[in-house]
Amino acid sequence: MEAGNVCYARQDDLVIVKLTGHIRYATGDSFHLSTSVNAFLDKLFQKKDFKNILIDLTEAESIDSTNLGLLAKITQFTRQHCGDQAIIVSTNEDINETLDGVGFGQVFHILHEACPVDGGMSAIPDTHEGAADLNATMLQAHRILCDLNTKNREAFKSVVHFLELEADGDS
Amino acid sequence: MDTPSRILSIEDEDLVRQSMVARLGMHGYEMIEACDGREGLEIFRREKPDLVLCDLGLPEVDGFEVLEVISRISPDTPVIVVSGTADLGDAMEAVKLGACDFIAKPIFDMAVVTHAVDKALERVRLIRENQEYRQHLERTNKRLKESIRLLEEDETAARHIQFQLLPEPHARWNGFEFSHFLRTSTLLSGDFLDYFQIDDKRVGFYIADVSGHGVSSAFVTVVLKSLMNHLLDEFRHSRSDAILHPNQVLQFVNEDIVHRDFNKYLTMFYTVLDEEQRTMTFSNGGQFPPPILFDGKNSRFISDRNLPVGLFAEAEFESCTLDLPDSFVLALSSDGVLEVLAQEHMKDKESFLLEKVHSLDITIEQLVDVLGLEASEAPIDDITLLLAKKGN
């Protein structure tokens, strides 16, 4: 089973967290992925220098309950401090079933397309007031993600790397 | 400071012997001398030196014999043989008898001797260190195994307590029959379930899956059981009828778990069956896969979904009511079941599950068997099945 990994990237006001492979509490050699991700999120939340967080699950194969909890933590934060639900982009059917199973559609903006077709996305989810503004934000976020995924993969850094940088900064 | 190594030199040529003794002595070794084989063996037995330098051509008891005896009585003591005859056959014979090195006479440079001695003693030292290290490892290993055994004993005791909180394997009230199967991935369970009689008309039951697994998740199952007991208690003392309203039950548990800040949450499906009204009222807090209802002809998923319990403070839960057929089977499972199924994709696993709940007479044992839930390897995640039936 391919081990999971979590990377992040930033562009403009958007933080992108990208999950790949099988996201489990601990990966193969008992490296606690979830602990690192948790630490990463805590540091990120302290900074508060972003408008929203987009979670890219397009390359994730499975996600366990502990990590679903981490996703929930992300949207809780953005709802409180950024005034909006976090965004999830997910194209894997199994992951979609999992997200649907726990009703995450109620607390995340979930997009099921890899990249928006020119002129907009074909399925824009139905949201409450301010739908037009919401859609523009999501469109932009989605475009940023696609840009990074296709042209600028090196922009994604492992969250462990982030923690190491932070540690150096603190010392 | 280590005591100097002691070397026995058995050499009948006085000059050679004296110069070896002098040189090795200067090099830091403590020297003992013998000038023939018999004396050499006597002194060896008495003094037990760390290394022997032995000439092969000794009078009466020759070097080969000395070598053979020492190899027998003290195989770990290195013996370096010295010989005037440059005979390869002798050298090989000596090595076969146990010599660790061979020096040819005349010895032009004593450095050859000191080097050979140093090397041989170093090798002995390394072997000894290796043995000591291995013994140390074995002792540590033994202690670790003991610690693990104690931990497992402890957890087994805890598991016993946790399992006492589960309901009876089979129960029957108000015409409804209940049974369950639970197989944990670690000693303690992160999954939980219960079925109980509420009053003479109604029965409640639930399945729950705490995030993660193991000890920490097991703690939360105990909290859950006590919360549910509390609600049942409130009902029996006519203080609150929340237990009859699944959305209120989930709300209550949600608030409590969020408030306790456990960094844990759970998925939960709670149902109240009413025999008189012939209804099933339920609320699904993120439980996946959804419960399966078989009415005698068709099976389908009960797909209503809410958020998990204990994850979001603002979560709201809704109840749904269904009319129950005269006979039915309700099968609830935790997502650990999905991990065990062979199909690759979620949709296929779900279809497979749906297919298997196809008889009013199905028993928990049959379902466990047909789903392959008792395979030999330990499951990745806890596996739970709960069956609620109303027969013909």
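Go through the stretch A:1-114 and tell me which strands (runs of 3 or more DSSP E), entirely inside it, have 1 or more residues that are among the aromatic types (F, W, Y). Outline the logic, then answer.
On the way: elements: A:5-11, A:14-23, A:52-63, A:87-89, A:109-111.
Filter on the stretch A:1-114 gives A:5-11.
Can you pull out the residues in the stretch B:294-305 that are touching a Leu at 6+ places or on another chain (Cβ under 8 Å) and open to solvent by 10 Å² or more (accessible area, probe 1.4 Å)?
Within the stretch B:294-305, the subset touching a Leu at 6+ places or on another chain (Cβ under 8 Å) is B:294, B:296, B:299-302.
Matches in the stretch B:294-305: B:G296, B:S299, B:R300, B:F301.
Filter the stretch B:254-279 down to residues that are charged (D, E, K, R) and within 14 Å of chain A (Cβ to nearest Cβ) and give me whichever is nearest to B:T321 (Cα to Cα). So that I can check it myself, show each step before the final result.
Looking only at the stretch B:254-279, we keep the residues that are charged (D, E, K, R), and these are B:255-256, B:260-261, B:264, B:274-276, B:278.
Still in the list and also within 14 Å of chain A (Cβ to nearest Cβ): B:261, B:264.
On the way: B:D261: 32, B:K264: 29 Å.
Checked the stretch B:254-279; the qualifying residue nearest to B:T321 (Cα to Cα) is B:K264.
Just to verify a result, which residue in the stretch A:42-97, among those that are in contact with a strand residue (DSSP E or B) (Cβ under 7 Å, 6 or more places away or on another chain), aliphatic (A, V, I, L, M) and at pLDDT below 90, is farthest from B:S217 (Cα to Cα)?
A:L44
When B:A218 is evaluated against the numbered criteria (1) open to solvent by 10 Å² or more (accessible area, probe 1.4 Å); (2) over 25 Å from B:L330 (Cβ atoms), which criterion, by number, is the only one it fails?
Among (1) open to solvent by 10 Å² or more (accessible area, probe 1.4 Å); (2) over 25 Å from B:L330 (Cβ atoms), B:A218 violates only (1).
Does the stretch B:221-242 hold any residues that are surrounded by fewer than 18 Cβ atoms within 10 Å (Cβ to Cβ) and in contact with a Ser or Thr (Cβ under 7 Å, 6 or more places away or on another chain), and which are they?
Listed by number, the list holds a single entry, B:E234.
Checking A:R79 against (1) away from chain B (no Cβ under 13 Å); (2) out of contact with any helix residue (DSSP H, G or I) (no Cβ under 9 Å at 6 or more places or on another chain), which test does it fail?
(1)
Looking at the structure I just gave you, is B:K297 of a type outside the set (V, I, T) and within 14 Å of chain A (Cβ to nearest Cβ)? Walk me through it before giving the result.
Values: of a type outside the set (V, I, T): yes; within 14 Å of chain A (Cβ to nearest Cβ): no.
Against the criterion (of a type outside the set (V, I, T) and within 14 Å of chain A (Cβ to nearest Cβ)), B:K297 does not qualify.
Kindly establish whether B:A99 is touching a residue at least 24 places away in the same chain (Cβ under 8 Å) and either outside any helix (DSSP H, G or I) or open to solvent by 90 Å² or more (accessible area, probe 1.4 Å) (or both). Working first, answer last.
Working: touching a residue at least 24 places away in the same chain (Cβ under 8 Å): yes; either outside any helix (DSSP H, G or I) or open to solvent by 90 Å² or more (accessible area, probe 1.4 Å) (or both): yes.
Spelling it out, B:A99 is indeed touching a residue at least 24 places away in the same chain (Cβ under 8 Å) and either outside any helix (DSSP H, G or I) or open to solvent by 90 Å² or more (accessible area, probe 1.4 Å) (or both).
If a residue must be surrounded by 13 or more Cβ atoms within 10 Å (Cβ to Cβ) and in a helix (DSSP H, G or I), how many such residues does the stretch B:13-27 contain?
Keep residues of the stretch B:13-27 that are surrounded by 13 or more Cβ atoms within 10 Å (Cβ to Cβ), which gives B:13, B:16-21, B:23-25, B:27.
Remaining after also requiring in a helix (DSSP H, G or I): B:16-21, B:23-25.
Of the residues in the stretch B:13-27, 9 are surrounded by 13 or more Cβ atoms within 10 Å (Cβ to Cβ) and in a helix (DSSP H, G or I).
Table: residues versus (1) among the polar types (S, T, N, Q); (2) at pLDDT 95 or above; (3) surrounded by fewer than 16 Cβ atoms within 10 Å (Cβ to Cβ).
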| residue | (1), (2), (3) |
| --- | --- |
| B:V82 | no, no, no |
| B:K119 | no, yes, yes |
| B:N130 | yes, yes, yes |
| B:Q135 | yes, yes, yes |
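Restricted to the stretch B:200-214, and to residues that are without any contact (Cβ under 8 Å) to a residue 60 or more places away in the chain and out of contact with any Leu (no Cβ under 9 Å at 6 or more places or on another chain), which residue is most open to solvent (accessible area, probe 1.4 Å)?
Once the filter is applied, the top-ranked residue is B:D200.
Does B:A342 meet the test of being more than 14 Å from every other protein chain (Cβ to nearest Cβ), of a type in the set (G, A, S) and open to solvent by 50 Å² or more (accessible area, probe 1.4 Å)?
Values: more than 14 Å from every other protein chain (Cβ to nearest Cβ): yes; of a type in the set (G, A, S): yes; open to solvent by 50 Å² or more (accessible area, probe 1.4 Å): yes.
When the stated conditions are applied, B:A342 passes them.
Residue-by-condition table, conditions (1) open to solvent by 30 Å² or more (accessible area, probe 1.4 Å); (2) under 21 Å from B:N229 (Cα atoms):
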{"site": "B:E152", "(1), (2)": "yes, no"}
{"site": "B:L166", "(1), (2)": "no, yes"}
{"site": "B:R172", "(1), (2)": "yes, yes"}
{"site": "B:Q197", "(1), (2)": "yes, yes"}
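When A:P125 is evaluated against the numbered criteria (1) more than 14 Å from chain B (Cβ to nearest Cβ); (2) modelled with pLDDT under 90; (3) out of contact with any Gly (no Cβ under 9 Å at 6 or more places or on another chain); (4) under 25 Å from B:R305 (Cβ atoms), which criterion, by number, is the only one it fails?
In the conditions (1) more than 14 Å from chain B (Cβ to nearest Cβ); (2) modelled with pLDDT under 90; (3) out of contact with any Gly (no Cβ under 9 Å at 6 or more places or on another chain); (4) under 25 Å from B:R305 (Cβ atoms), A:P125 misses (3) alone.
The values are calculated or read from the model by the stated rules, or taken from the named source; none is laboratory data. Keep in mind the model is a prediction, meaning the values are calculated, not measured. Methodologically, a virtual Cβ is constructed for each residue, glycine included, from the backbone with ideal geometry; neighbour enumeration extends over all protein chains shown. Accessible surface is based on the protein model in full, side chains and every heavy atom, while ligands, DNA and RNA are left aside. Shrake-Rupley method; radii C 1.70, N 1.55, O 1.52, S 1.80 Å.
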